[in-house]
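The values are calculated or read from the model by the stated rules, or taken from the named source; none is laboratory data. Being a predicted model, the structure only gives us computed values, none of them experimental. A quick note on method: Cβ atoms are made from the backbone with ideal geometry, for glycine too, and the neighbour counts reach across all protein chains shown.
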Amino acid sequence: VDLAVAWLGIQMDNPLINASGVMCRTVEELEALRHSAAGALITKSCTLEPRKGNPEPRYASTALGSINSMGLPNAGYRYYLDYARRYDHEHGKPLLMSVSGMSLEDNLEMMAAFDEAALPVLVELNLSCPNLPGKPQIGYDFEASARLLAEVSKVYRRPFGVKLPPYFDPVHFGEMADVLDGCPSIGFVTCINSIGNGLVIDLERESVVIRPKDGLGGIGGDYVLPTALANVREFARRLPGRHVIGCGGIRSGREAFMHILAGATVVQVGTCLYEEGPACLARIRDELVYLMQDKGYRTLTDFRGRLRTL
Ligand SMILES: CC(C)(C)CCc1c(C(=O)O)[nH]c(=O)[nH]c1=O
């Protein structure tokens, strides 16, 4: 069995990446990932200036997954750009950089700096970044998304990707696919970000479990697998010339296989990585190998995108 993947000019010896935001905020965390079984690594979404993020507790796990309202704690884009400058791109694993500006101007300033640096990295622009007051996140505002991508494409002259929030309506799949189809610079889409604004309740305490937003937070883990798989399959169908990165609910070789079957080129692991640590990546990789052997597949291309319908 060969797990190798080559896409958008990068070579990975297996399709597993950390989800942006998990175990990737500091150089120490990124180095631990680089020494793990990950096929590639991605940095925590960065902003123009460093941010402390929201007051804790801001993450909690449950039997079925996680809830978080971290509030974009990060060291600022210069820190991650510096890490990328010193990174051994030649011999190391591919490095992806996540960007999540607090405004259009911040996104453009960061993307222009990344363009100037001309590093062999892939940028994943987080469309869950905040919009103007009174407007939903960028990813749920189709005009704002189109405007942002058009402006970014002018200052960042190489292919880049977007991290998408989950959509739940065929009309929305179509509208967002049209926006992305109209932007030739988009080489990949990552589906999905956490399902926004869920509420987890601690029954004993009769209380919420995280402090920000009176307990509201992005949901990850087992809860989101069906939604993640639907978004992967729907965007892979609508954007045949672009890659889809699958993210959401991957905790074993089984869900990794499902995401790839649904059309994902490679996959990202979030909640499971947060809870189990980087050793989960070797476990998931091995489980994927065994599953492929059981099914008689030799490479990922033998089954990628071949989900049967009835
Ligand atoms: C939700 C935002 C804070 C606007 C973006 C950063 C982010 C966060 C976060 O930093 O709270 N958590 C997620 O699950 N997904 C995200 O994209």
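State all residues of the stretch 213-249 that are basic (Lys, Arg) and part of a helix (DSSP H, G or I); if no residue qualifies, say none. Once the filter is applied, which keeps residues that are basic (Lys, Arg) and part of a helix (DSSP H, G or I), the stretch 213-249 yields Lys213, Arg233, Arg237, Arg238.
From the list Ala38, Ala63, the one residue that fits, being more than 16 Å from the ligand (Cβ to nearest atom) and either crowded, with 24+ Cβ neighbours inside 10 Å or among the polar types (S, T, N, Q) (or both), is Ala38. Considering the stretch 13-25, the residues that are more than 15 Å from the ligand (Cβ to nearest atom) and farther than 18 Å from Ile192 by Cα include one that is surrounded by the most Cβ atoms within 10 Å (Cβ to Cβ), namely Asn14. Here Arg147, Arg86 are screened, and the one residue that is closer than 22 Å to Phe235 by Cα and of a type in the set (Lys, Arg) is Arg147.
Evaluate the following for Gly101: is it within 12 Å of the ligand (Cβ to nearest atom), at positive phi and either surrounded by 17 or more Cβ atoms within 10 Å (Cβ to Cβ) or of a type in the set (A, V, I, L, M, F, W, C) (or both)? Criteria not met by Gly101.
Determine whether the stretch 258-267 contains at least one residue that is more than 17 Å from the chain's Cα centre (by Cα) and at pLDDT 95 or above. Yes, the conditions are met somewhere in the stretch 258-267.
For the stretch 140-171, the tally of residues that are among the hydroxyl-bearing types (Ser, Thr, Tyr), without any contact (Cβ under 8 Å) to a residue 40 or more places away in the chain and within 16 Å of the ligand (Cβ to nearest atom) stands at 2.
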